[in-house]
Amino acid sequence: MVANGTGPQKAAWATILLLIGVFSVGRFVGLEKSPPGLYADEAVVTTEAIALLQTGFNSHHEHTLFTPMEAGGYASPTHLYPKAAWIALAGYSIPALRLYAGVEATLLLAGLFFLARSRLGPRAAVFVLLAGCLSPWIFQFSRIATDDPMLSLCGLVWGMYFFFRSTALADAIIAAVCFSVSVYGYASARVTLPFLVPLLLWVKQPDRKATFRYLAAFVVTGLVVCAPLILGALRGTLLSRYAVIGIFAPAHLQGTSFPAALGEFLYNVRLHLAPDYLFVSGDANLRHSTQFTGEFSWLDTFALLLGVALLGLATVRSGRLPVNRFIVLCAAGFVVGIFPSALTWEGVPHAIRGSECWVFVALLTGFILSQAEQRWRWALPAGALVSVTFAVGFLWHYFRVYPREARDEFQVTRLEAAEHGRATGDWQPLARLTRHDPPLAIRYYLIAYAGLTFDESSHLFAQLPPTLPRALPPNPDPVLGHHLN
């Protein structure tokens, strides 16, 4: 691929491959530096995983598939149980916790590449991989130990890959399991997949007619694997978070009418399409976006402009809009991916709840670039130049500016107080700072920095003594290669 073409084309391909390598490695660099600190949500879910690892129970001393969280909602079992196994091997330092998200992102990007290669061809697959690597959304959440939008996207992409791969029953079953992982992983997929499955069938039909046996295997597998999730939703136990933040939840509808709530939903959709959100600064929450750019990378924006030009030229030439079923799926997937966030009133536009959008953006960007470079010789070098310019600016901002700007959002003072306690045995600064924090967040620091067990931390989080013995935890951290205290 790189060997073909003129000098500028060869240089452009080399640049693209270099950028893919830089971002593939760069997402694992400085995990304890940027984002700075450790936000309470990251600490809470980690402590739950530690509880599973050390006691065999969740923090409520229960055996349950869905673990209730202090802020409402439930921790996903597809995050919590694998995370417990991960920290048994990697430890529970901040780099180790965030490394887990980076591994998930690598699997996601691999899935994007294979899906694009099967549907769009090998050249487009490289562009899709580049777009995924440069995606501000994917890069941001590949470095945060949250539960678990990255795994949800990973399940979505691999589910589509196996769904389209053949009519074999094994692929139907694997696709259903992957989609099930997606809906367990993050609630947004539970909204988007019911819209996407009919489109998936529409795309699949012209290529290889889906047999009744294939569809039966797909549906039955999905229903069986998702049965606990479906039952929990029907009983209302898994809807506690939406009951608080949902615009169609009874509590919200009491103060408004259904038509007004529908108008609010459409207004929220529009907010997710606003230029500020997409192109300028992204989500206003610094935990969700660096503010260096919008949720689109500059390469995505460049591809969007090229796509408009290509669509116009194709329409003029043929007299009608061209229809590529897979590209229609991707465009619809981006719009449908907005719905989970638009169905809430808190923090809109919300990058995490709108997470399902960004795999479709990468696919669309890759497809458009592959079409443009076939039509215009300058498109490939121009795309490479845009990519390099964006990469330099984004990485400089991410590692030099963002850690300063996001200190408060990631509660750096708690980490500094824990490091002070580890060094001096004085835990009073941590006690003062965490007085109103979730108890499990405080207990993470007592476990990771004071060397306590989960059970020992339960007796001390409410009122920290002035000093604690600086005992080493039983095992060193395999990632950092030294003891956590």
- [ ] State which residue pairs qualify: first residue in contact (Cβ under 8 Å) with a residue 12 or more places away in the chain and inside the stretch 6-33, second residue of a type in the set (Ser, Thr, Tyr) and assigned to a helix (DSSP H, G or I) in any location, beta carbons under 6 Å apart, and separation of 6 or more residues or different chains.
- [x] 19/387
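Taking the stated definitions as given, is residue 238 more than 20 Å from residue 157 (Cβ to Cβ) and surrounded by fewer than 17 Cβ atoms within 10 Å (Cβ to Cβ)? Break it down stepwise before answering.
Values: more than 20 Å from residue 157 (Cβ to Cβ): yes; surrounded by fewer than 17 Cβ atoms within 10 Å (Cβ to Cβ): no.
So residue 238 does not fit the description; no.
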Task: Single residue of the stretch 167-183 satisfying the filter (open to solvent by 30 Å² or more (accessible area, probe 1.4 Å) and either outside any helix (DSSP H, G or I) or touching a residue at least 40 places away in the same chain (Cβ under 8 Å) (or both)) that is farthest from residue 212 (Cα to Cα) - done: 181
Task: Any chance residue 258 is modelled with pLDDT of 95 or more and not aliphatic (A, V, I, L, M) - done: no
Task: Filtered residue count, the stretch 204-233, keeping only those that are open to solvent by less than 70 Å² (accessible area, probe 1.4 Å), touching a residue at least 40 places away in the same chain (Cβ under 8 Å) and not in a loop (DSSP other than H, G, I, E, B) - done: 12
Task: Of all residues in the stretch 284-334 being outside any loop (DSSP other than H, G, I, E, B) and aromatic (Phe, Trp, Tyr), the one that is nearest to the chain's Cα centre (by Cα) - done: 334
Task: When residues of the stretch 305-346 are limited to those that are polar (S, T, N, Q) and surrounded by fewer than 15 Cβ atoms within 10 Å (Cβ to Cβ), the one modelled with the lowest pLDDT - done: 318
Task: Test for residue 419: is it in contact (Cβ under 8 Å) with a residue 40 or more places away in the chain, surrounded by fewer than 17 Cβ atoms within 10 Å (Cβ to Cβ) and among the charged types (D, E, K, R) - done: no
TODO: Within the stretch 260-278, identify whether any single residue is touching a Phe, Trp or Tyr at 6+ places or on another chain (Cβ under 9 Å), within 22 Å of residue 394 (Cα to Cα) and polar (S, T, N, Q), and answer yes or no.
DONE: no
TODO: Kindly list the number of the only condition in (1) in a helix (DSSP H, G or I); (2) buried (at least 20 other Cβ atoms within 10 Å of the Cβ) that fails for residue 349.
DONE: (1)
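Determine, yes or no, whether residue 76 is closer than 25 Å to residue 176 by Cβ and modelled with pLDDT under 95.
On the way: closer than 25 Å to residue 176 by Cβ: yes; modelled with pLDDT under 95: yes.
Against the criterion (closer than 25 Å to residue 176 by Cβ and modelled with pLDDT under 95), residue 76 qualifies.
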TODO: Spot the failing condition for residue 102; the list is (1) in contact with a helix residue (DSSP H, G or I) (Cβ under 8 Å, 6 or more places away or on another chain); (2) in a helix (DSSP H, G or I); (3) of a type in the set (Gly, Ala, Ser); (4) open to solvent by less than 30 Å² (accessible area, probe 1.4 Å), and only one is missed.
DONE: (1)
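Tell me the residue from 137, 158 that is without any contact (Cβ under 8 Å) to a residue 60 or more places away in the chain and buried (at least 23 other Cβ atoms within 10 Å of the Cβ), please.
Numbers: 137 fails: without any contact (Cβ under 8 Å) to a residue 60 or more places away in the chain.
The conditions single out 158.
I need the full set of residues from the stretch 258-283 which are assigned to a helix (DSSP H, G or I), within 24 Å of residue 389 (Cα to Cα) and open to solvent by 20 Å² or more (accessible area, probe 1.4 Å), in order please.
Taking the stretch 258-283 first, the residues assigned to a helix (DSSP H, G or I) are 258-272, 275-280.
Still in the list and also within 24 Å of residue 389 (Cα to Cα): 275-280.
Listed by number, the residues that qualify are 275, 276, 279, 280.
Restrict the check to the stretch 358-366 and report whether at least one residue is open to solvent by 20 Å² or more (accessible area, probe 1.4 Å), assigned to a helix (DSSP H, G or I) and of a type in the set (Val, Ile, Thr). Break it down stepwise before answering.
Here is the first cut: in the stretch 358-366, the residues open to solvent by 20 Å² or more (accessible area, probe 1.4 Å) are 364.
Among the residues that remain, those that are also assigned to a helix (DSSP H, G or I) are: 364.
Remaining after also requiring of a type in the set (Val, Ile, Thr): none.
No, that holds for no residue.
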TODO: Exactly one condition in (1) over 18 Å from residue 343 (Cβ atoms); (2) aliphatic (A, V, I, L, M); (3) in contact (Cβ under 8 Å) with a residue 12 or more places away in the chain is not met by residue 196; state its number.
DONE: (1)
Task: Members of the stretch 242-257 found to be touching a residue at least 60 places away in the same chain (Cβ under 8 Å) and buried (at least 17 other Cβ atoms within 10 Å of the Cβ), listed by number - done: 242, 245, 246, 247, 252
Open item on the list: Quick check on residue 128: is it crowded, with 18+ Cβ neighbours inside 10 Å, farther than 30 Å from residue 391 by Cβ and among the hydrophobic types (A, V, I, L, M, F, W, C)?
Closed with: no
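The values are calculated or read from the model by the stated rules, or taken from the named source; none is laboratory data. Predicted model only: the values in this text are computed from it and were never measured. Note that each Cβ is placed from the backbone with ideal geometry, even for glycine, and that neighbours are counted across all protein chains shown. For the accessible areas, the whole protein counts, side chains as well, though only heavy atoms, and no ligand, DNA or RNA atoms are used. Shrake-Rupley method; radii C 1.70, N 1.55, O 1.52, S 1.80 Å.
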